[in-house]
Amino acid sequence: MGFYIRKSVSVGPFRFNLSKSGLGLSTGVKGLRVGTGPRGNYVQMGRGGIYFRQTLPISHDHEKLPKAQQRRSSGINFVEIESGNVSQMVDSSSAALLQEIDSKAQKSLIWPWILAFSIGLVALFAALYLPIWTFCLLLPICAAALAWTVRADELRKTVVLFYDLAPHIEEAYQRLHNVFDSLRRCSRAWHIESRGRITTTYDWKVNAGASAVVKRTGIKPSAGAPSYFQCNVSIPMLPAGRQRLFFLPDRILVWDTNGVGAIAFDQLDLSFGERPFIEDGGVPADSRVIDKTWKYVNKGGGPDRRFNGNREIPIVLYEEILLTSRSGLQELFQLSRTGLGIQLKAALKQMAVAISDRETPQKEDGYIKCPCKYCDIFIEFPAYGLGQVIACPHCGMQTVLFKPGSMAP
């Protein structure tokens, strides 16, 4: 699915507009708007195809204001797989954005106080048995005050972020969106919170002969933005327990319940691999069953007849993706379909390369040979195809094209 770049974003009564000449701000109603932009202040009015626009003179009696900064009961011991404190996840280019996000998040909401005051006032009027006309006067006033404070809270707490992407960054971001579309099409996806190794015979028997057990939560990758955050592009999002990972065009925001961190694409590490999993919760439609076991096993691996209702459980092949960073990110995901880890890694690498190049990179000439990840047979391809994921013409498996001698993605 293609993502689009909006040229305007509305926050409360205000509209932010992006044009070739810069960023503008306007407010008003249909037929009358007042605004400011790179070409100065203006007022525009009209209806029915006839419009009048007048540029307002700029006063030179005051100093120019600085630009607003972007803000941004068994013996099994489970080991938590979780990220560190998001306050440590700050790269140099994200400090201003994170400061803006934190400062606006700390602003308290006004509308709950107005709502409580309005309810109390109505209850007081009812207790005093005041005439009906007083309620007819009070209720609209309370509703108007509540609506105004809701808009005011939205304006005070919302962070607005505009992107005007270079063509090669837009291409890389589109590829990342395509990979997230594939993640959303997975029948099931989970976030693994902790993993515990089985060390006793009893635990091994009652856990279907597994070598380890996990605690996991079902998730659904999506596209969206955090609360009080407006952006002119759709943002891929990956839930990770109490945290959510938002993949912006220039960085990854780690949104936690107690703060926000940021990680650059070139600081993000991804590892992946296929892992057999004893699935007792129902086999997803896109998973591959590779074997079976019993819910309770004996020392030989067969069914333990001492347990009633001992049934066979399928063993399926899942893919696990681990996202880490030097600043403390550590999140593990499990997918019902294999082959997506290599695509996500290639897309993230392309984002890092695109961001590091301020201008459109030149395409290489000639042809390169690289081995398939699965069958090791060499594939010859044009040099400009570096980083792409293709179906191997020999074995049919998905593999990434890379240059031998450099680190394979």
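The values are calculated or read from the model by the stated rules, or taken from the named source; none is laboratory data. Not measured: the values here are computed from a predicted model. Glycine also receives a Cβ, built like all others from the backbone with ideal geometry; neighbour counts cover every protein chain displayed. We work out accessible area using only protein heavy atoms, side chains counted, and drop any ligands, DNA or RNA first. Shrake-Rupley method; radii C 1.70, N 1.55, O 1.52, S 1.80 Å.
Can you sort SER336, SER187, SER287, SER108 by 1.4 Å-probe accessible area, starting with the largest?
Correct descending sequence by accessible area is SER108, SER187, SER287, SER336.
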Sorting THR158, THR257 by accessible area (1.4 Å probe), largest first, what list results? THR257, THR158
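Quick check on region 252-409: take the gyration tensor over C-alpha atoms, sort the square-rooted eigenvalues as a ≥ b ≥ c, and tell me if it's rounded (a/c under 1.5), prolate or oblate.
Note, shape of region 252-409 comes out oblate.
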For the pairs LYS220/LYS349; LYS220/LYS403; LYS349/LYS373, note any where the Cα-Cα span goes beyond 29 Å. LYS220/LYS403
Determine the sum of side-chain charges near LEU322: Lys and Arg each +1, Asp and Glu each -1, restricted to other residues whose C-beta is under 10 angstrom from that of LEU322. -3
Please compute the length gained on full extension between ARG184 and TRP113, using 0.36 nm multiplied by the number of residues separating them and subtracting their Cα-Cα distance. 21.6 nm
Report, to the nearest whole %, how much of the accessible area of region 275-338 belongs to carbon and sulfur atoms, 1.4 Å probe, protein only. 46 percent
Net charge, MET237 excluded, C-beta distance under 10 Å - Lys, Arg +1, Asp, Glu -1: +2
